[in-house]
Amino acid sequence: MKILVVFYSRSGKTKKAAEAISEILKCDKEEIFDMKSREGIVGFLSAGTDANLRRLTAIKEIKYDPSLYDLVIIGTPIWSSNISTPIRTYLFLFKEEFKKVAFFCTRLGSDSKKVFADMKNLSQKAPLVVLELTTREVARDQYIQKVKEFIENLKEEIVK
Ligand SMILES: Cc1cc2nc3c(=O)[nH]c(=O)nc-3n(C[C@H](O)[C@H](O)[C@H](O)COP(=O)(O)O)c2cc1C
């Protein structure tokens, strides 16, 4: 089965989780880059506003065609209780291309249910499995066990 991990990360936490997932699965990974700067306080504020208003952004050209993969695992940080703007854009642009999806997110403490429901609506696919991690778990390397369980659950869903 061909698997692709796609993620956006402003400050490295979602990237760390994405790297762990793709290393265990030995699969391709695609980092999404926002053309709009999200650095510093101005970038932080624009990120919060854009996510809250469910705006789209311009993202850099992608390297991997998602339609060539059996499963695309998509990860986002939570911004203003929402999907991050670059991942909202990716889902919007490529929604027709996914065969199967799974989602993960990192966040301080917000409920992920709404974000995963939004990702499901945007991608027009119910995720096989979801994984939510806190920033704290990722920072303290407590996320590896959760990542392993996520992958085990994913494997069970794939053979169903
Ligand atoms: C603009 C902005 C808004 C955020 N809003 C929330 C939020 O509503 N709830 C929450 O739990 N975390 C929120 N966070 C925290 C991030 O989701 C969290 O730090 C995440 O792990 C960052 O991932 P990254 O390092 O991959 O960018 C926000 C972060 C940013 C930059």
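The values are calculated or read from the model by the stated rules, or taken from the named source; none is laboratory data. Nothing here was measured: the structure is a model prediction, and the numbers come from that model. A quick note on method: Cβ atoms are made from the backbone with ideal geometry, for glycine too, and the neighbour counts reach across all protein chains shown.
Filter the stretch 1-24 down to residues that are under 22 Å from residue 85 (Cβ atoms) and of a type in the set (Ser, Thr, Tyr) and give me whichever is farthest from the ligand (Cβ to nearest atom).
8
Restricting attention to the stretch 101-111, does a residue exist that is away from the ligand (no atom under 11 Å from the Cβ), at pLDDT below 95 and in a loop (DSSP other than H, G, I, E, B)?
The answer is no, given that none of the residues of the stretch 101-111 is away from the ligand (no atom under 11 Å from the Cβ), at pLDDT below 95 and in a loop (DSSP other than H, G, I, E, B).
Consider residue 118 against the criteria (1) of a type in the set (Asp, Glu); (2) loosely packed, with under 15 Cβ neighbours inside 10 Å; (3) touching a strand residue (DSSP E or B) at 6+ places or on another chain (Cβ under 8 Å); (4) farther than 22 Å from residue 25 by Cβ: it satisfies all of them except one. Which criterion is unmet?
(2)
One line per residue, one yes/no per condition, for (1) without any contact (Cβ under 8 Å) to a residue 40 or more places away in the chain; (2) part of a loop (DSSP other than H, G, I, E, B); (3) loosely packed, with under 15 Cβ neighbours inside 10 Å:
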site: 23; (1), (2), (3): yes, no, yes
site: 41; (1), (2), (3): yes, no, yes
site: 47; (1), (2), (3): yes, no, no
site: 75; (1), (2), (3): no, no, no
site: 78; (1), (2), (3): yes, no, no
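With the requirement that a residue be buried (at least 19 other Cβ atoms within 10 Å of the Cβ) and either of a type in the set (D, E, K, R) or within 13 Å of residue 74 (Cβ to Cβ) (or both), what does the stretch 131-140 give you?
131, 132 - these are the residues of the stretch 131-140 that are buried (at least 19 other Cβ atoms within 10 Å of the Cβ) and either of a type in the set (D, E, K, R) or within 13 Å of residue 74 (Cβ to Cβ) (or both).
Among the listed residues 85, 89, which satisfies the condition of being in contact with a Ser or Thr (Cβ under 8 Å, 6 or more places away or on another chain) and buried (at least 24 other Cβ atoms within 10 Å of the Cβ)?
Just one listed residue meets the conditions, 85.
Just to verify a result, which residue in the stretch 25-39, among those that are without any contact (Cβ under 8 Å) to a residue 12 or more places away in the chain and of a type outside the set (Asp, Glu), is farthest from the ligand (Cβ to nearest atom)?
The selected residue is 26.
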